[in-house]
Amino acid sequence: MQAINVSIGFDKRLAAQDLAGSRAHAAMLLKAGVISSEDEAQIQEGLAAIEREMAEGTFPFRDEFEDIHMNVEARLRELIGPAAGRLHTARSRNDQVALDFRMWVRDACDRTIGQLRALQGALLAKAEAHADAIMPGFTHLQPAQPVTVGHHLMAYVEMFGRDAARFADARARMNESPLGAAALAGSPFPIDRQMTAAALGFDRPTANSLDSVSDRDFALESLAAGSICAIHLSRLAEEIVIWMTPQFGFVRLSDAFTTGSSIMPQKKNPDAAELVRAKAGRLLASFQQLAVVMKGLPLTYSKDMQEDKVPTFEAFDALELSLRAMAGMVADLQPNVAAMARAAGSGFSTATDLADWLVRELNLPFRDAHHVTGAAVKRAEELGQELSQLSLDELQKLDPRITASVYDVLTPEASARSRRSYGGTAPDQVRAQIKRWKDLLA
């Protein structure tokens, strides 16, 4: 029974939150006249001593006391005697763990938002340095249209911006204090829940005592946000892995973020990116694990909910490590601008520009322009040329009204510069978005 029941091995991570909640609760009990000033002073001194022991690594965590709450209470009694027993007046381990866990997840969301902002900063710096560099844009992993390197990187700035917003939204919803809900029905003592909520940085107390102790939406929502963020990290990691292959040769990473092979001296493996890609599985599994725990539970607290912490702790550990690693990789990343530019001109990537030119200059319906362009691509393939290499004579066989000005749009650089619509890949648009994000992050 002790082996399956004990949780101190993992919920000791809630120690700082447990001590903070106990300090606020004791101060409130004093103000409400529930405990004496002498008892409150002893409790606060004892909690401070426990905090010092934990900081010094001398606190005696013991399995026989089951969880962090009972470990703290037992140690407090050893330090100050019977006054320790008054601390648990008007609260239960049910609202205590709901408070501690909610505070821990809130802190984790704050850390994650900060790390997302750091990653966005690294992406912004790299995008600004390569706002004009040309690379192929892909659909189906096939060259589609030329874009700029800065534009490609800014796509991830947008994605991680949404991730940060999701964590901020989740944080705002969870910022209500369950302390004072007691076991499930509230307390008969004249407690001041507004006071403890304010002392612990919450906007307000929770409004229903049953929901207060049984709610784990805050953890589920945060894990859902973390899962989406991990998917974004995995997509960027996958691109780094692909781009580092000799077949692409788009980017280089230094030895700081790559490893060699035990038998192949030429290898330079993007292991950090591969591990970030793999850790997405931890986030997705953690959300699923907690969802399965919660899905069949009646109100209010059931011991099943002890299983909420390990997946949440593991998920945030994996996410925070992945964010730090990705920010480091982005800062370390060196685009091979020449290789990207060469690839941007392959695969007839300016075919759409030819079609657009035919619409603008010759007033062809787009479907007709699409047909003419398809014929141009077919002829270029037959001749082993790119579109920009086709002679004017060859193009005029397709439509005699085509003029030499068509070549102004058939280079990858011209194609990218022409995409000036809001959010487009033109360098001036990319720089405008970089400035917008710098202002937002500032």
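Assorted remarks:
- Among GLY161, GLY180, GLY260: highest mean-square fluctuation, GNM of the chain, C-alpha pairs under 10 Å: GLY260
- Rounded tilt (10° steps) of 217-243 against the dominant C-alpha axis of the chain: 30
- Rounded to the nearest 10 Å², the accessible area of HIS371 at probe 1.4 Å: 130
- Label zone at GLU314 (point 7 Å along Cα-to-Cβ), backbone N below 14 Å, the range 264-280: 279-280
- Between the C-alpha center of the range 212-264 and that of the range 275-333 there is a gap of 14 Å.
- In this structure, LEU440 and ALA256 have a Cβ-Cβ separation that, at R0 = 35 Å, corresponds to a calculated FRET efficiency of about 0.75.
- Charge tally in the Cβ shell below 15 Å around SER261, where Lys, Arg are +1 and Asp, Glu are -1, SER261 excluded: -1
- Residues of type lysines that LYS309 reaches as a straight line, Cα spacing below 23 Å, ignoring anything fewer than 8 places off in the same chain: LYS12, LYS279, LYS295
- Accessible-area composition of the chain, carbon plus sulfur, in percent [1.4 Å probe]: 54
- Lysines with Cα under 20 Å of LYS397, excluding same-chain neighbours fewer than 8 positions away: LYS378
- Separation between Cα centres of the range 385-415 and the range 54-116, rounded to whole Å: 73
- Most to least accessible of LYS126, LYS295, LYS303 (protein chains only, probe 1.4 Å): LYS295, LYS303, LYS126
- Taking Cβ atoms as reference points and 14 Å as the exclusive limit, the residues near LYS303 contribute a net charge of -3, counting Lys and Arg as +1 and Asp and Glu as -1.
- Within the shell defined by Cβ-Cβ distances under 12 Å, the residues around ALA84 carry a net charge of -2, with Lys and Arg each +1 and Asp and Glu each -1.
- Aspartates and glutamates whose Cα lies under 12 Å from that of LYS31, excluding same-chain neighbours fewer than 8 positions away: GLU40, ASP192
- A 1.4 Å probe, protein heavy atoms only, puts the accessible area of GLU314 near 90 Å².
- Degrees, to the nearest 10: 271-294 long Cα axis against longest axis of the chain: 50
- Axis of helix 366-383 versus longest Cα principal axis of the chain: the two differ by about 70°, to the nearest ten degrees.
- Computed accessible area, ASP393, all protein chains, 1.4 angstrom probe, square angstrom: 90
- Taken per residue, the accessible surface of the range 1-89 reaches 47 Å², heavy atoms only and a 1.4 Å probe.
- Stretching the chain fully between GLU307 and LYS295 yields a gain of 3.0 nm (0.36 nm per residue, less the alpha carbon separation).
The values are calculated or read from the model by the stated rules, or taken from the named source; none is laboratory data. The model shown is predicted, which means the values in this text are computed figures rather than measured ones. So basically every Cβ, Gly included, is an ideal-geometry build from the backbone, and we count neighbours across all protein chains shown. Heads up: the accessible areas ignore ligands, DNA and RNA and are worked out on the full protein's heavy atoms, side chains in. Shrake-Rupley method; radii C 1.70, N 1.55, O 1.52, S 1.80 Å.
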